[in-house]
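Colleague: If you scroll down you'll find the structure; I have some questions about it.
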Amino acid sequence: MSGGPKPPSDDVTLTADEIASEAARLVEAADTRRTTDLPSLAHPALTIEDGYAIQAAAVDLRVQGGDRVIGWKLGLTSRAKQEAMGLDAPAVGVVLASTLEPTETPIDLGRYIHPRVEPEIVFRMGDRLAGPGVGIPDVLAATEAIGCGFEVIDSRFEDFKFGMADVIGDNTSAAGLVLGPTWVPARSVPDLALVGMVLDVGGDQVATAAGAAILGHPAGAVAWLANWLGERGQAIEPGGLVLSGGMTDAVPLAPGRTVTATFGRLGSVVVQVGTG
Ligand code: OOG
Ligand code: MG
């Protein structure tokens, strides 16, 4: 797997130099743990495809620096997330190997700017998958295993305030990933839409959701991704992960906080933040 989404070039309005400089600024913001200006500040007519071009350039910088693409993430696939962020369509981002957090160890807040976690259903793909015409049965047949995780999002923009093209340029706020320990074959969760999830923060139950929160069906969201990638001549590659998107609004991480998401058949995932 290499690189990020490749935009159809006629929808890109920025020059190659402008794309490279926006990408470099976002990568630097992440590396120095400081927020930066929205790309749309300097480029008010920024298009969604400009956003994907910036994202792809930033991912290329990471890969040149020794990182590796290990999958795709969907963002803004639930109503809870769309309402929280004031945006009304799904977005695609890239999962990099460097963002994987060790499971048992407490999270180090020093790696992030203002991190939040989101409970997500995660697919590990067995077969290559690309549209057109991909549906839920195709996704389930191509899936090696389904699990759960917390995505750590950490916008490179102040207060998580951004437009659609901006957040796409910022790789949809992707920053970290904590995977749960349980992986089950797709056939053992015949109705993924009805898998429940209970979200607990420091002993308080703060939200509940079902798989159907994700565009009606998490595997339908993955089908949407495969069809979207197919239009661009790209694919979900074998072995790749797909994060199907936050099922609830995200929870800010704070020193000493423990966040747990308990899913039905998909087990549970815990994020612990150190106090130091
Ligand atoms: C954008 C990323 C959203 C999700 O799962 O919905 C996302 C954000 O909220 O900063 O990853
Ligand atoms: Mg997410």
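Colleague: Taking the radius of gyration and the Kirkwood hydrodynamic radius from Cα positions alone, what is the Rg/Rh ratio for the stretch 112-269, to two decimal places?
Modeller: Value, to two decimals: 0.97.
Colleague: If Lys and Arg each add +1 and Asp and Glu each add -1, what is the summed charge of the other residues whose beta carbon sits under 11 Å from the beta carbon of residue 141?
Modeller: Spelling it out: positives minus negatives among the neighbours equals -2.
Colleague: In whole percent, what relative contact order does the stretch 154-256 give with Cα contacts below 8 Å and a gap of six or more residues?
Modeller: About 17 percent, as a whole number.
Colleague: Quote the FRET efficiency, to the nearest 0.05, computed for residue 17 versus residue 68 with a Förster distance R0 of 25 Å and r equal to the Cβ-Cβ distance.
Modeller: 0.40
Colleague: Here's another thing I want to ask about it. If packing is taken as the average number of other Cβ atoms within 10 Å across a peptide's residues, how do 175-181, 220-226, 113-119 rank, most packed first?
Modeller: Those peptides, ordered most packed to least, come out 220-226, 113-119, 175-181.
Colleague: Rounded to the nearest 500, what is the 222 nm mean residue ellipticity of the chain from helices alone, with -39500 (n - 2.57) per DSSP H run of 4+ residues and division by all residues?
Modeller: Theoretical 222 nm ellipticity from helices: -7500 deg cm²/dmol.
Colleague: Can you give the relative contact order of the stretch 127-179 as a percent, counting alpha carbon pairs under 8 Å and 6+ residues apart?
Modeller: Normalised by residue count, the contact order of the stretch 127-179 is 39 percent.
Colleague: Figure the gain on full extension for residue 33 and residue 97 (residue separation times 0.36 nm, minus the Cα-Cα span) and round it to one decimal in nm.
Modeller: Roughly 21.2 nm would be gained on extension.
Colleague: Report, in debye and to the nearest 20, how large the dipole of the chain comes out about its Cα centre when Lys and Arg carry +1 and Asp and Glu carry -1 on their Cβ.
Modeller: The calculation lands at about 640 debye.
Colleague: Pop out the ³J(HN,Hα) list for the stretch 254-269 in order, Karplus 6.51 cos²θ - 1.76 cosθ + 1.60 with θ = phi - 60°, rounded to Hz; leave Gly and Pro as x.
Modeller: 9, x, x, 7, 10, 10, 10, 10, 10, 9, x, 6, 8, x, 9, 9
Colleague: Convert each backbone phi in the stretch 131-145 into a coupling constant with the Karplus relation 6.51 cos²θ - 1.76 cosθ + 1.60 (shift: θ = phi - 60°), then list the ³J(HN,Hα) values in order as whole Hz, x for Gly and Pro.
Modeller: Along the stretch 131-145, the couplings run x, x, x, 6, x, 4, x, 5, 4, 5, 5, 8, 8, 7, 7 Hz.
Colleague: Per residue of the stretch 187-199, in order, report the coupling 6.51 cos²θ - 1.76 cosθ + 1.60 (Karplus, θ = phi - 60°) as ³J(HN,Hα) in whole Hz, putting x for Gly and Pro.
Modeller: 5, 7, 10, x, 10, 4, 5, 9, 5, x, 9, 10, 10
Colleague: Could you please report the charge total around residue 28, scoring K, R as +1 and D, E as -1 over all other residues with beta-carbon less than 14 angstrom from its beta-carbon? Can you show the working numbers first?
Modeller: On the way: positive: 25, 33, 34, 62, 156; negative: 22, 31, 37, 170.
Charge balance near residue 28 sits at +1.
Colleague: Same structure again: For the stretch 183-271, compute Rh as the Kirkwood radius over C-alpha pairs and then the Stokes-Einstein diffusion coefficient at 10 °C and 1.306 mPa s; write the answer in µm²/s, rounded to an integer.
Modeller: Rounded, D is 108 µm²/s.
Colleague: Counting alpha carbon pairs within less than 8 Å and at least 6 residues apart, what relative contact order, in whole percent, applies to the chain?
Modeller: Details: 653 pairs, mean separation 72.3, N = 276.
RCO, the chain: 26 percent.
Colleague: So for the stretch 34-74, what percent of the C-alpha to C-alpha distances run longer than 16 Å? Can you show the working numbers first?
Modeller: Working: 416 of 820 pairs.
Taking all Cα-Cα pairs of the stretch 34-74, the fraction more than 16 Å apart is 51 percent.
Colleague: Cβ under 15 Å from residue 153's Cβ, residue 153 left aside: what net charge do those residues give with Lys, Arg +1 and Asp, Glu -1?
Modeller: Residues near residue 153 contribute -3 overall.
Colleague: Taking amide H positions as placed 1.01 Å from N in the peptide plane, with prolines and chain starts having none, which residues 5 or more places from residue 122, or on another chain, fall under 5 Å of its amide H?
Modeller: Result for residue 122 returns 147, 148, 149.
Colleague: Go from 0 up to the bin containing the longest alpha carbon distance in the chain, width 5 Å each, and give me the % of pairs per bin.
Modeller: 1, 6, 13, 18, 20, 18, 13, 7, 3, 0, 0
Colleague: Starting from the amide H of residue 114, placed 1.01 Å from N in the peptide plane, find each other amide H under 5 Å away whose residue is 5 or more places distant or on another chain.
Modeller: Amide H to amide H, under 5 Å and 5 or more residues apart or across chains, residue 114 pairs with nothing.
No lab work stands behind these numbers, since they all come straight from the coordinates. This one's a predicted model, so the numbers in the text were calculated from it and none came from an experiment. So basically every Cβ, Gly included, is an ideal-geometry build from the backbone, and we count neighbours across all protein chains shown.
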